[in-house]
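Just below is one structure, and these are the notes that go with it.
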Amino acid sequence: MPEVSDVKAAEVVFLYTEIGRGHPSYLDGIIETLRRDYPDVAYYQYDVFCLSHGWSLVGWKMVRRLYQLGGLGGAVSRAYGRFRRIMGGGGTGGMTRALLGRDVRRALADYRGPVVVAHPVLAGMLSKQAQVIYQHGELAAPAESIIHGCYRILVPLESTAAVFKAAGIPDKTILVSGQCLEIDLVSLAERAYRARLERLSGSGPLTGAFFSSGAYPRDHLTKLRLAAVSAYRQGFTVLFFLGRSQKVARSFTDYFERQGMAVATDIAGTGRLKVVCSSDRRDENRKVASVFGKLDFFVGPAHERTNWSVGLGLPQFILTPHIGSYAPLNAALAVEQEGAVEISDDAGAVELGRLAAHLHAAGKLKRMAENGFEKWPRDGFEACARFVAQAARRKPLAEG
């Protein structure tokens with residue numbers, strides 16, 4: 001990571017929150033594409049933890065801890081939800097935002113080029129100082145995501161853009177990019193989809209991928225365990241991707257072994273049940289891409305990977321409760337498109353294996369896949385990177 005004193009040498013700055021997986025993963029995709037297609041653009045990337053000091057750093061650490069505790073459910077999750085709404089667009093958390101943004105704004109005070117962010121809190125903090133390119137990668141757009149004063153806002157769909165426009169964001173500020181799907185998967189999408197349809201048209205065994213969110217909500221982890229046992233005993237292959245938490249992965253492995261299920265921890269290994277941990281987001285993306293062509297459905301809460309069920313034709317079983325304001329909107333879109341079904345309680349998780357088998361036999365799992373493929377352009381990161389490269393080459397940007 002470059003020194004803060006070097007920031008003026010950058011043509012474009014990417015600023016991360018590094019809290020959770022969703023928002024940071026969207027910046028990852030732009031950077032990967034920029035590096036591939038525009039290698040001459042000089043970009044620097046920072047995160048709020050490296051730029052902040054003193055009470056500002058303490059504040060960001062508290063935000064990260066609140067995110068982690070938000071997965072506990074109940075009053076803690078509701079408190080985290082209220083915090084996000086206050087800090088998001090139109091919120092009233094002026095003093096809190098001022099403290100969190102103090103050192104970030106100071107570090108970028110002399111920088112005149114574009115700053116790319118994917119989190120609405122950062123977009124709001126910098127919109128009056130920097131030339132902010134705010135990438136809103138989610139399909140849904142809750143009220144907290146609406147930020148005024150940005151130079152450009154990149155959104156995936158026309159329907160997403162309509163929400164921003166209805167909130168008073170000028171048309172000229174918004175660029176519709178297409179869906180922002182993991183770079184590793186875009187080139188695999190067509191081939192994987194055709195292979196999936198062939199399997200879903202037959203009666204052979206299927207494979208499901210299971211994911212948790214980065215906060216590891218207790219209710220979700222319980223449902224994931226129950227659903228995995230159900231799917232495994234129904235004859236499905238179960239692939240678990242559990243992010244970076246060795247502790248959570250170990251707890252899952254122990255649980256499955258107590259159920260008499262043999263567990264492998266190497267994604268390239270053999271067996272019908274694998275519990276995989278990753279060193280970082282990029283490592284997990286590589287591991288997922290290595291098996292994506294074998295996947296027939298996936299199970300997890302509504303988060304950024306819900307894009308898969310409405311863009312890559314991979315049927316989803318969505319676990320509730322929904323945490324945060326994005327999840328229920330993303331879930332509703334996938335369910336409305338008939339690419340996903342919700343699992344609302346533990347009893348539903350216990351029956352997931354039988355439900356998936358029934359949907360397969362009835363041809364409904366295949367229709368779910370068909371309902372979620374080629375509805376929208378899936379090269380959103382290419383459009384985002386192209387715009388960022390153009391912006392970087394003509395700084396300072398014209399007022400707009």
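Can you name the residue in region 366-393 that is over 14 Å from Ala334 (Cα atoms) and among the aliphatic types (A, V, I, L, M) and, of all such residues, is surrounded by the most Cβ atoms within 10 Å (Cβ to Cβ)? The extreme case among them is Val388. Can you tell me which condition Thr96 does not meet? The list is (1) in a helix (DSSP H, G or I); (2) out of contact with any Gly (no Cβ under 8 Å at 6 or more places or on another chain); (3) over 17 Å from Ala385 (Cα atoms), and all the others hold. So Thr96 meets the others, but not (2). Restricting attention to region 220-254 and to residues that are at pLDDT 95 or above and of a type in the set (Phe, Trp, Tyr), the residue that is surrounded by the most Cβ atoms within 10 Å (Cβ to Cβ) turns out to be Phe236. Residues that are in the same structural domain as Gly214 (by TED's automatic domain parsing), of a type in the set (Val, Ile, Thr) and at pLDDT below 90 occur at least once in region 288-307. Before we move on, is Leu226 on the phi < 0 side of the Ramachandran plot and either outside the structural domain of Arg281 (by TED's automatic domain parsing) or assigned to a loop (DSSP other than H, G, I, E, B) (or both)? No: the conditions fail for Leu226.
Filter region 333-354 down to residues that are touching a residue at least 24 places away in the same chain (Cβ under 8 Å) and among the hydrophobic types (A, V, I, L, M, F, W, C) and give me whichever is surrounded by the fewest Cβ atoms within 10 Å (Cβ to Cβ). If we take residues in region 333-354 being touching a residue at least 24 places away in the same chain (Cβ under 8 Å) and among the hydrophobic types (A, V, I, L, M, F, W, C), then Val350 is surrounded by the fewest Cβ atoms within 10 Å (Cβ to Cβ). The residues on offer are Glu284, Glu257, and the sole one that is under 22 Å from the mean Cα position of the chain (by Cα), assigned to a helix (DSSP H, G or I) and either modelled with pLDDT of 90 or more or closer than 13 Å to Ser212 by Cα (or both) is Glu284. Only one of the numbered conditions (1) buried (at least 17 other Cβ atoms within 10 Å of the Cβ); (2) out of contact with any Gly (no Cβ under 7 Å at 6 or more places or on another chain); (3) at pLDDT 75 or above is violated by Glu11, and that is (2). In the set (1) under 15 Å from the mean Cα position of the chain (by Cα); (2) part of a loop (DSSP other than H, G, I, E, B); (3) over 25 Å from Ala347 (Cβ atoms), the condition left unmet by Ala262 is number (1). Screening Gln135 against (1) more than 30 Å from His358 (Cα to Cα); (2) polar (S, T, N, Q); (3) surrounded by fewer than 24 Cβ atoms within 10 Å (Cβ to Cβ) leaves a single unmet condition, (3). Among the criteria (1) on the phi > 0 side of the Ramachandran plot; (2) in the same structural domain as Ala327 (by TED's automatic domain parsing), the one Ala195 does not fulfil is (1).
Could you identify the single residue in Ser201, Ser245, Ser212, Ser230 that is out of contact with any helix residue (DSSP H, G or I) (no Cβ under 8 Å at 6 or more places or on another chain) and among the hydroxyl-bearing types (Ser, Thr, Tyr)? After ruling out the rest, the residue left standing is Ser245.
The values are calculated or read from the model by the stated rules, or taken from the named source; none is laboratory data. Treat the numbers as computed from the prediction; the structure is a model and nothing was measured. With ideal geometry, Cβ positions are generated from the backbone for all residues, glycine too; neighbour counts draw on all protein chains shown.
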